[in-house]
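Quick note: the coordinates plus some simple rules give every number you see, no bench work behind them. Owing to the predicted nature of the structure, the values given are computational and were not obtained by experimental measurement. Reconstructed Cβ throughout: ideal geometry from the backbone, glycine too, with neighbour counts over all protein chains shown.
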Amino acid sequence: MSASSAEHHRVVIVGFGPTGAVTASLLGREGISTLAIDRARDIYDKPRAIALDHEIMRLFDNLGIAAEVGRFVAPFPASEHFGAQGQLIRRIDMVGEPYPLGYTPSMVFTQPPVEQVMRDRVAGCPSVTVELGTTLVDIRQDAQRATVVLQQDNGTTRDVTADYVIACDGASSTVRQKLGISFDDLDFDEPWLVVDINVNAGGAGKLPKTAAQFCNPARPTTYIIGPGNHRRFEIMLRPGEDRHAMERPEQVWQLLSPWLSPDDGELWRAASYRFHALVANRWRQGRVLLAGDAAHQQPPFIGQGMCQGLRDAANLSWKLVRVLRGQSPDTLLDSYEAERGTHVRELTTRIKAIGRVICEQDPVAAAARDARILAEGGGAPRTITRQEIVPPLTTGLLASKPNAANGTLFPQPWIVSDGGRALLDTIAGSGWRLVRDGRADIAHDAAPPPAGITAVTIGGSGLQEESGVVARWFERHGCCAALVRPDHYVYGVARDAPELTALLGELHDRLN
Ligand SMILES: Cc1cc2nc3c(=O)[nH]c(=O)nc-3n(C[C@H](O)[C@H](O)[C@H](O)COP(=O)(O)OP(=O)(O)OC[C@H]3O[C@@H](n4cnc5c(N)ncnc54)[C@H](O)[C@@H]3O)c2cc1C
């Protein structure tokens, strides 16, 4: 029975997986009264995500957990794609040094301990209450508030109200279903078996030294080198193969026999998944917002699913904080879906295209594919970077005056001084920032920025960067000032003081 209650939080987060935990930290850092619940008591003890990127590491660093996460992380080496005849057809690598955001651009990680670090971070936020073993069973809302009906393990049920609810409750989101929000199917649905192995020294010695995509039409297979002795194989299942039968250890070792035998390590898990591409057709309904897998799922071919959820968290949190503090109208939250929904659809489309190449099972079409990809490289395997596959923001709260820089991630240089080196965010923070090129007149003659925006000058008589990352960025975009959002995306840029004044004025009007 549901008892009425006066329990109220500014925000209720449903689901305490990666998306929920990071959202809770971001709100907790700002002292927002938040209740985060999860129906499970424990972190899922098997890895699903294995790759993350520098944007996410920057977010972790902003939360003060990058060093702790770093214990479970290793660089993600180039993935070599082999065609139907075993020939190298292309590489997908990370961008080279100097790294644009200050961290290794592509990394592999071990999910369960990293999730624990995310949760531990929340424990340090006094404004956040975490309740595990608690399931959302219903949700309703009116103009004033949202009400969630929560059921604890022992069967007791209570109502809790909130100004906003964030549904981070994963792929089968109860909240999404209760709201009647459906998925747009972006037309990708393939069965894969995911196998994690802890290899011994003998096994490690037999395996390829870099990640690989075996685009063999008879059995498309992905190979990833995880941290330490963790290795992952993702193996496409063929039509008619029974997923449960394929998960059996003897069958798994049979599938791995081109590389490994049972003496070479221990199976951590083997589980089959349908790799699909789904995006919720609405991400907001009144006071309820969807984030993470609750809003979207994509095939894991460049390891972006969790990253996408954490981008949602970063995008939504700073906007929600402004709205809750009365600094911006509630309509600011509409830019969340506009920005993230468009971004997710574009990235999923690109991942799907990679997936189509990998999943080709017709030998004739696979041969044509290999020839086409090699031709695209001028007859030789070419290298593309994982970073160029991830698009910028293209819509939402971005300057009206077009520039290719708008919606891109502002770089993060190492700043050097007599005291040593430090990443820019540790000096300038992660709120709104106005970054000026110290070599340009604008560094001297522009008015101080409005309250709430941190000004920083790089180059000239300002901060000195180690590798010229920001200097080259200004040159590439033909500007000398950048207005950067709290999620590190560039709002807009200016070439001189009048343009900067106009840019700041426009932002003020749109935010307030
Ligand atoms: C095989 C595979 C490989 C992947 N590889 C990568 C990769 O390399 N890189 C990457 O970035 N991503 C990858 N992903 C995707 C990534 O794992 C997910 O995107 C990510 O875990 C989603 O996080 P989430 O917090 O949104 O959802 P989840 O992790 O699913 O968390 C949802 C939480 O909500 C809770 N919950 C559900 N319903 C309720 C309810 N009614 N009440 C209370 N709590 C509830 C659940 O218990 C759960 O803890 C991969 C996924 C798979 C399957």
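Net charge near LEU101, counting Lys/Arg +1 and Asp/Glu -1 over other residues with Cβ under 10 Å of its Cβ?
Charge balance in the 10 Å sphere: -3.
Based on DSSP, what percent of beta bridges with both residues in the chain are antiparallel, to the nearest 5? Looking only at bridges with both residues in the chain, the antiparallel portion is about 65 percent. Pair-distance distribution P(r) for the stretch 76-230, from all Cα-Cα distances in 10 Å bins starting at 0: 8, 21, 26, 22, 17, 6, 0 percent. Each principal axis of the Cα cloud of the chain was taken in turn, and the coordinate range along them, longest first, works out to 67, 65, 42 Å. Restricting the stretch 37-103 to chymotrypsin sites (Phe, Trp or Tyr not before Pro) that sit in a DSSP loop and have at most 12 other Cβ atoms within 10 Å of their own Cβ leaves TYR44. Summing charges over neighbours of SER25, with a neighbour being any other residue whose Cβ is under 11 Å away from its Cβ, gives +1 when K and R count +1 and D and E count -1.
Measuring gaps between exposed loop sites in the chain (GluC sites (Glu not before Pro); DSSP loop; at most 15 other Cβ atoms within 10 Å), the longest gap, sites not included, is 8-240. Dividing the mean sequence gap of close Cα pairs (under 8 Å, 6+ apart) by how many residues the chain holds gives a relative contact order of 16 percent.
For the stretch 8-88, trypsin sites (Lys or Arg not before Pro) meeting the loop criterion (DSSP other than H, G, I, E, B) and having at most 14 other Cβ atoms within 10 Å: ARG41, ARG71. Centre-to-centre separation between the Cα atoms of the stretch 126-153 and those of the stretch 172-234: 33 Å.
Distance from the C-alpha centroid of the stretch 251-291 to that of the stretch 353-427: 23 Å, rounded to the whole angstrom. Counting only DSSP beta bridges whose two residues both lie in the stretch 414-511, roughly 65 percent are antiparallel. With the convex hull of its Cα atoms as the shape, the stretch 420-512 has an orientation-averaged projected area of 5.8 nm². Under a model in which nothing but the beta-carbon of Lys, Arg (+1) and Asp, Glu (-1) is charged, the chain shows a dipole of about 220 debye around its Cα centre.
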